[in-house]
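> Structure below; questions to follow.
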Amino acid sequence: MVCHSFKLFVVLITALFSLPVQSSPVIFQKRGVCATEEPNPSLLRALQQVIIDETNPDPNVPEAREGPIEIDTWFHIISSRSEANQVTDAMINAQFSILQDAYRDASIQYRLHGVTRHVNDHWAQNGDDLAMKQALRKGSYRTLNVFFQTDLQATAGQAGRSQHRANTISDDMSSSILGFCTLPDPSINATSPREDYIGHWNGLLHTFQGESCSADNPGDYIADTPQQSTPTDGCPSRKDSCPDSPGLDAVHDFMDYSSDVCYEMFTNGQMQRMRNMWSTMRVGK
């Protein structure tokens, strides 16, 4: 995580979507990254539909599954008055460049249509995310909107391995909300963005989904990611959280929680899933 002047930057990724995915940004104190809660049944049903479509592809949309994908993208900078100059153009350019690199092998490109800047103490402190999105979001279901907030406030007293703030999303917005908190500052570190959260927007789950080695746990619904029962901390040379299942934990996969220097890849199955999610759920929407 890069925290310029020790401030926590949080990004909300939102798109008008036919699924009311209600994931809340979470602060993981141990890892220093943001994370999403468990996917709700609407998202899982959508993934099941995509899986069905993968076995029975629509012959009318082959280009959406095989050709290059370009995703219209907007960045929105929401700052408090005291942090109005914290998010620089260089940081935004670095974020976008690393994002492009991460998805290049999947033939997915992001076209940055613009960067908007807003000074609003209430929104910068996640005071009313729904009102913020309603006011600032641009485009359609197929448009990626990324919201950078400079002053995330976490609720106190949350138990377990993480602290998270409550987040209620109106079905009227039909929005998916995902969070991550790395914003590269070239003067400090070329830290990568949390590609996994945009991976969620593209239809992927974490490699440790379900956090179980049980044969009844479908995991991330991707055939070529090994069963994994725990998120990864750091960048271990070898990790096998499900020793009775084939393969080692995918510690270099963007959809794990490894450290930034560890991230290298999406699997072929993940890349195809993102493309299938695009053709099934976003093309023409």
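The values are calculated or read from the model by the stated rules, or taken from the named source; none is laboratory data. Model, not experiment: these values are computed from the prediction. A quick note on method: Cβ atoms are made from the backbone with ideal geometry, for glycine too, and the neighbour counts reach across all protein chains shown.
> Mind checking which residues of the stretch 263-285 are surrounded by 18 or more Cβ atoms within 10 Å (Cβ to Cβ) and closer than 23 Å to residue 211 by Cβ?
Within the stretch 263-285, 263, 266, 267, 270, 273, 274, 277 meet the criteria.
> If you take the residues of the stretch 230-248 that are within 20 Å of the chain's Cα centre (by Cα) and within 20 Å of residue 204 (Cβ to Cβ), which of them is surrounded by the fewest Cβ atoms within 10 Å (Cβ to Cβ)?
The qualifying residue surrounded by the fewest Cβ atoms within 10 Å (Cβ to Cβ) is 230.
> From the list 210, 219, 203, exactly one residue is under 18 Å from residue 106 (Cα atoms) and either within 17 Å of the chain's Cα centre (by Cα) or assigned to a loop (DSSP other than H, G, I, E, B) (or both). Which is it? Full working, then the answer.
Values: 210 fails: under 18 Å from residue 106 (Cα atoms); 219 fails: under 18 Å from residue 106 (Cα atoms).
So the residue among 210, 219, 203 that is under 18 Å from residue 106 (Cα atoms) and either within 17 Å of the chain's Cα centre (by Cα) or assigned to a loop (DSSP other than H, G, I, E, B) (or both) is 203.
> Could you tell me whether the stretch 121-143 includes any residue that is assigned to a strand (DSSP E or B) and at pLDDT 90 or above? Reasoning before the result, please.
Initial filter on the stretch 121-143 (assigned to a strand (DSSP E or B)): none.
No, there is no match, as no residue in the stretch 121-143 is assigned to a strand (DSSP E or B) and at pLDDT 90 or above.
> How many of the residues in the stretch 264-277 are over 13 Å from residue 207 (Cα atoms) and either in contact with a His (Cβ under 7 Å, 6 or more places away or on another chain) or in a loop (DSSP other than H, G, I, E, B) (or both)? Quick ask: steps written out before the conclusion?
Within the stretch 264-277, the subset over 13 Å from residue 207 (Cα atoms) is 264, 268, 271-277.
So of that shortlist, the ones also either in contact with a His (Cβ under 7 Å, 6 or more places away or on another chain) or in a loop (DSSP other than H, G, I, E, B) (or both) come out as 264.
Going through the stretch 264-277 one residue at a time, the tally reaches 1.
> Could you count how many residues in the stretch 217-230 are on the phi < 0 side of the Ramachandran plot and either at pLDDT 95 or above or in contact with a helix residue (DSSP H, G or I) (Cβ under 7 Å, 6 or more places away or on another chain) (or both)?
Total meeting the criteria: 9.
> Here is a follow-up. Within the bounds of the stretch 222-239, is there any residue that is of a type in the set (Ser, Thr, Tyr), touching a residue at least 24 places away in the same chain (Cβ under 8 Å) and over 28 Å from residue 54 (Cβ atoms)?
The answer is no; no qualifying residue exists.
> Follow-up question, since we're still on this one. Are there any pairs with C-beta distances below 8 angstrom linking a residue in the stretch 80-103 that is exposed (fewer than 14 other Cβ atoms within 10 Å of the Cβ) to a residue that is assigned to a helix (DSSP H, G or I), with the two at least 6 apart or on different chains, and if so which?
These pairs meet every condition: 81/121.
> With respect to residue 213, is the statement that it is modelled with pLDDT of 90 or more and touching a Pro at 6+ places or on another chain (Cβ under 9 Å) true?
Considered against the rule, which asks whether it is modelled with pLDDT of 90 or more and touching a Pro at 6+ places or on another chain (Cβ under 9 Å), residue 213 comes out as yes.
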